[in-house]
1. So which of LEU63, LEU109, LEU74, LEU69 ends up being without any contact (Cβ under 8 Å) to a residue 60 or more places away in the chain and within 27 Å of PHE207 (Cα to Cα)?
2. Can you tell me which of TYR107, TYR77 is surrounded by 15 or more Cβ atoms within 10 Å (Cβ to Cβ), of a type in the set (Phe, Trp, Tyr) and within 18 Å of LEU341 (Cα to Cα)?
3. If I filter the stretch 20-29 for residues that are more than 30 Å from TYR146 (Cβ to Cβ), acidic (Asp, Glu) and modelled with pLDDT of 60 or more, do I get at least one hit?
4. In the stretch 243-264, which residues are closer than 13 Å to LEU341 by Cα and either in contact with a Pro (Cβ under 6 Å, 6 or more places away or on another chain) or buried (at least 21 other Cβ atoms within 10 Å of the Cβ) (or both)?
5. Which numbered condition trips up THR233, out of (1) under 25 Å from CYS139 (Cα atoms); (2) out of contact with any strand residue (DSSP E or B) (no Cβ under 7 Å at 6 or more places or on another chain)?
6. Would you point out the residue of the stretch 314-347, among those that are more than 16 Å from the chain's Cα centre (by Cα) and of a type in the set (A, V, I, L, M, F, W, C), that is surrounded by the most Cβ atoms within 10 Å (Cβ to Cβ)?
7. Looking only at the stretch 290-342, which residues are in contact (Cβ under 8 Å) with a residue 60 or more places away in the chain and in contact with a His (Cβ under 7 Å, 6 or more places away or on another chain)?
8. What's the number of the condition ASP283 fails, among (1) of a type in the set (Asp, Glu); (2) free of Cβ contacts under 8 Å to residues at least 24 places away in the same chain; (3) under 21 Å from ASN159 (Cα atoms)?
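The values are calculated or read from the model by the stated rules, or taken from the named source; none is laboratory data. This one's a predicted model, so the numbers in the text were calculated from it and none came from an experiment. Using ideal geometry, Cβ is built from the backbone for each residue, glycine included, and neighbour counts are taken over all protein chains shown.
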Amino acid sequence: MQRKQWFIIAGALFITSQLYLYFFYRHFEHFPQISTISNLTSLMVPFEHLERNATFSCSELTLQSRYKLEFQQLEHYDLNQSYKQPSMSIRSKQQNQTDLPQLPYFYSLWKTASILPRLITPCEHQVYINLLKTFDQICRQGGVEYMISYGTLLGSYRNHDILPYDDDVDVLIHVKYYSLLAKINKLNNKTDWEFYRNTRTNMKFYFLESPSAGIYKWKWPFIGMDFYTDNATHIRSYMHIRKDIIFPLVLRPIAGLWVPGPRNIYKFFQVMSSRYYSSFSIDEKCYTQAYSHREERRKHQQKTVFCEQLRNIYPYIRRTCDSDYCQEHLMLNNVTTLYVLKMIRDK
């Protein structure tokens, strides 16, 4: 008898709990769900305010078409976009950049700061991204190991982009690949690109249809390649850097592309600071060089400002880190998070 009563009580409790859940969900299904879709078109720069100079691969018409597409994307933009840093191990000869996480990128959000203005236009930036994509493919297919460095590495860290106030792309390559790249250049003399052998420690890579860099034979925009030597513990180019700061290489973002970079950015720039800059801070000080790579001459006045002065103008990365990972928030206007990227923390 007691066992029968226990089953009756248990059954009643079960039915009561199910009725409670039913009415609970019926009650809350009528409440509006929190949406992560937002209209970000108010952040767009008016098209007539963008610099619209044409290049061989980008015209005002193509830029306008992209602007219209970006308007549609930003009109219903999902603010809850998150991505994860891909591993170097999945980077292969056959794999294209499109097989890797595609981070959002918008030229229509480009602004320029009067205290540290942009040095390239949207069309010139597109040439650089296509150039870097082509260079990356050549290196992967040829088995050439390279890494972004100097200002380009700093741009990846601060902006997930080429530094707004920089006008070249820097990479480091072991000197053992110099002759291979020269051979690749010779065997591909009917392509639209070229490696220019400047010195035994430097090459330029560019598209043949680009304009000349000042009075020189090579073209701009170009990728500047510095070649390094090494020993058991260090690499040597303009400075000595411990190998454990550099290797193993990791993939880092540049305007939607994923390119190899040094393992530890902080320590890389600590070495640079001790060699070239007396009070350089990777997070606090932003500066532009006096040298123009477009014209290959000293042209600009060297400026240094606090990076926080630029954060309502240029998209920048805000980090929240634990012991193993950093969540990198790409911030617009110092307020809106365009996306979040999970990266392995530098150690």
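1. The conditions single out LEU69.
2. Result: TYR77 is the single residue among TYR107, TYR77 that is surrounded by 15 or more Cβ atoms within 10 Å (Cβ to Cβ), of a type in the set (Phe, Trp, Tyr) and within 18 Å of LEU341 (Cα to Cα).
3. First, pick out the residues of the stretch 20-29 that are more than 30 Å from TYR146 (Cβ to Cβ): 20-29.
Okay, now just the ones that are also acidic (Asp, Glu), so 29.
Adding the requirement that they be modelled with pLDDT of 60 or more leaves none.
Looking through the stretch 20-29, none of the residues is more than 30 Å from TYR146 (Cβ to Cβ), acidic (Asp, Glu) and modelled with pLDDT of 60 or more.
4. LEU251, ARG252, PRO253, ILE254, TRP258
5. Condition not satisfied by THR233: (2).
6. Restricting to residues being more than 16 Å from the chain's Cα centre (by Cα) and of a type in the set (A, V, I, L, M, F, W, C), the top hit is CYS321.
7. Those that are in contact (Cβ under 8 Å) with a residue 60 or more places away in the chain and in contact with a His (Cβ under 7 Å, 6 or more places away or on another chain): SER292, ILE317, LEU330, THR337, VAL340.
8. Checking ASP283 against (1) of a type in the set (Asp, Glu); (2) free of Cβ contacts under 8 Å to residues at least 24 places away in the same chain; (3) under 21 Å from ASN159 (Cα atoms), the one that fails is (2).
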